[in-house]
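Engineer: Quick one: structure below, then a few questions.
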């Protein structure tokens, strides 16, 4: 399977999932949701990227499947999968980490602390899993800031990933039950999520600009 096929399949499946975001859970819906990150994982493997990147993408695909079902148990399992994926990203970023600018780090820390006011109190019995997840993704974002001089696509991709996660938190714990608002949030967070993961993937491809020739 070629890189071009995998990339096109990933993007088409990502588009195909948009109208399914607010549909009832089905095996087909879960499959479509998992396809983009599955193809990204395949691309990372073909490109012989670091194993931690392959694992991070694969765990994200697993998290997509788990989060496609309702209920606290699938949600916690999905958070665990994504948390492990974030830890893989942290390990991936660490060797190239450079000192991050103080102001962006301060903003990230302030944002993380602010979730104690607007997110954690609304998470019920999931408060501690949410807190742990917030801590992990905050560390990942700080690590990504330190890669700006050497891999700016990582920083941009993680920023989109963070924005997606913020929207997920709002959708799950704060959004009033308005169908039009839920749909808009679902579409936005999905686009940010897929785009963010793709940017991170491309950051580790030495010939990413030649992808369509593969």
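Engineer: Sticking with the crude label model, points 7 Å out along Cα→Cβ, report the distance from residue 122 to residue 28 in nm, one decimal please.
Structural biologist: 3.3
Engineer: Run the quick spin-label model on residue 188 and residue 111: label points 7 Å from Cα toward the beta carbon, then report their separation in nm to one decimal.
Structural biologist: Label at residue 188, label at residue 111, 1.4 nm between them.
Engineer: Here's something else I'd like to know. Looking only at Cα atoms, what is the convex hull volume of region 3-213 per residue, in Å³?
Structural biologist: Considering the Cα atoms of region 3-213, their hull volume per residue is 112 Å³.
Engineer: Taking the number of other C-beta atoms within 10 Å as the exposure measure, put 64, 165 in order starting with the fewest.
Structural biologist: Lowest to highest Cβ neighbour count: 165, 64.
Engineer: For the residue pair residue 150 and residue 51, what label-to-label distance in nm results when each label sits 7 Å from Cα along the Cα-to-beta-carbon direction?
Structural biologist: Calculated label separation equals 2.0 nm.
Engineer: Please identify, among 178, 131, 151, the residue showing maximal mean-square fluctuation in a Gaussian network model of the chain using a 10 angstrom Cα cutoff.
Structural biologist: 178
Engineer: Kindly identify region 1-97 as rounded, prolate or oblate by the Cα gyration tensor criterion: order the square roots of the eigenvalues as a ≥ b ≥ c, call it rounded if a/c is under 1.5, otherwise compare a/b with b/c, prolate if a/b is larger, else oblate.
Structural biologist: Since a/c reaches 1.5 but b/c is at least a/b, the shape of region 1-97 is classed as oblate.
Engineer: If you don't mind, there's one more thing I want to ask. Ranked by Cβ crowding within 10 angstrom, fewest neighbours first, how are 89, 204, 69 ordered?
Structural biologist: 69, 204, 89
Engineer: Relative contact order, percent, of region 3-213 when contacts are C-alpha pairs under 8 Å separated by at least 6 residues?
Structural biologist: Dividing the mean separation by the residue count of region 3-213 yields 21 percent.
Engineer: Still on this structure: Report, largest value first, the span of the C-alpha coordinates of region 73-197 along each principal axis, in whole Å.
Structural biologist: Extents along the principal axes: 43, 27, 27 Å.
Engineer: With the Cα gyration tensor of region 76-131 giving a ≥ b ≥ c as the square roots of its eigenvalues, does the rule (a/c under 1.5 for rounded; else a/b larger than b/c for prolate; else oblate) give rounded, prolate or oblate?
Structural biologist: oblate
Engineer: Which ordering of 47, 148 is given by a fewest-first count of other beta-carbon atoms within 10 Å?
Structural biologist: Fewest-to-most Cβ neighbours within 10 Å comes out as 148, 47.
Values quoted throughout were computed directly from the atomic coordinates according to the rules given, and no laboratory measurement underlies them. All figures in this text were calculated on a predicted structure; none of them were measured in a lab. Backbone-built Cβ (ideal geometry, glycine too); neighbour counts: all protein chains shown.
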